[in-house]
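Worksheet for the structure shown next.
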Amino acid sequence: MKTKVLVIDDSAYTRQIIRNIIEQDSSLEVIGVASDGIDAMAKTLRFKPDIITLDFEMPEMDGFSFLRWLMRERPTPVIMVSSHSDSKTVFKALELGAVDFVAKPTKRASAELQTIEKDLLRKIRGIKDIRLDILSKNLELLKSDELIDYPEAKKESNIQIVAIGSSTGGPSALQIIFTRLPSDFYAAVVVSQHMPKGFTGPLAERMNKLSNIKIKEAQEGDKIEA
C-alpha cells in the first residue's frame, strides 16, 4: 500500500515541484494538494493523508493555525518546508507538533527548489512509519514527574558524559529534556542533532535560554565539561 501525502503550499509552482519529487518514489502517492489552511483542513478530512508537507506563509489560514488544528483534530506527521533564514518559524512549528523540516534554498529562486529532492524524499521515507500516538505518549512521560532522581543519581553515578543522538522529533524532545535538567547536573552533555547547516546555532541559543544549564553550539577547541 502506498503512503499518502498531502502537499500544502500557496505557490502553484512549488506544489508542482514537490509533487514531482514525491512521485519519483513508487511507494509514495500525492493524494491531494492545497493552497491554504482552509483548503488543507477540508482535504485532510477527506483524503486522510499519512504525511503532510506544509508551508507556513499562506492566505486565509497560515501554517501555524493549520498545525494547531491538525494536532488537535487529526494528528498526522508533518514535514515543514521553510526558508533557511526563518529559524524562528521552524522552531515554533516543531513546538506545535511538526516532526521535521526541509529548508528551501531561497524564497525567490523557485527553480532551486529542485535541489531539496534528496532531503525531502529521505525525510518522508524516514517518518512514514512514525506512530504519532506513541511519540506523544513518550513526550508526555518526559513532561511528567516520573523522571530520574538527579540528586540521588549524582551520589551514585560515575558517568561523566551523556551523549544524545537525535533526528526526527529531536528538537521538541531536547527542549523537554533540557528544561528538566538542574543547573548542577553532574555530567557533561553532548548532542548530535541532524539538521541543515545554519539551524544548529539558533537551536543551541534557544535551548540555552530555556535551560538551567549552559548550552552552546560546539566549536573547535571547546572543552567538554559538566
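The values are calculated or read from the model by the stated rules, or taken from the named source; none is laboratory data. Being a predicted model, the structure only gives us computed values, none of them experimental. With ideal geometry, Cβ positions are generated from the backbone for all residues, glycine too; neighbour counts draw on all protein chains shown. Accessible surface areas use protein heavy atoms only, side chains included; no ligands, DNA or RNA. Shrake-Rupley method; radii C 1.70, N 1.55, O 1.52, S 1.80 Å.
Projected label points at I161 and L210, each 7 Å from Cα along the beta carbon direction, are separated by 2.5 nanometres. Listed cross-link partners K4/K118; K92/K118; K123/K197; K88/K216; K104/K216; K118/K197 are compared with a 21 Å cut-off, the Cα-Cα value being larger for K92/K118; K104/K216. Working from label points 7 Å from Cα in the Cα-to-Cβ sense, the D184 to Y13 distance is 5.9 nm.
In terms of accessible area, using a 1.4 Å probe and ignoring ligands and nucleic acids, K2, K92, K123 rank largest first as K2, K92, K123. Amide H to amide H, with H built 1.01 Å from N, T3 comes under 5 Å of L28, E29, counting only residues 5 or more places away or on other chains. Among S82, S27, the order of accessible area from largest down is S27, S82, computed with a 1.4 Å probe on protein heavy atoms. If R0 is 35 Å, the Cβ-Cβ spacing of K197 and E29 corresponds to a FRET efficiency of close to 0.65. Ranking of K48, K88, K4 by solvent-accessible surface, largest first: K88, K48, K4 (1.4 Å probe, protein heavy atoms only, all chains present). When the surface is traced with a 1.4 Å probe over the full set of protein chains, F101 keeps roughly 10 Å² accessible. Measuring from centroid to centroid over Cα atoms, what is the spacing of region 186-215 and region 40-82 in Å? Cα centroid of region 186-215 versus Cα centroid of region 40-82: 28 Å apart.
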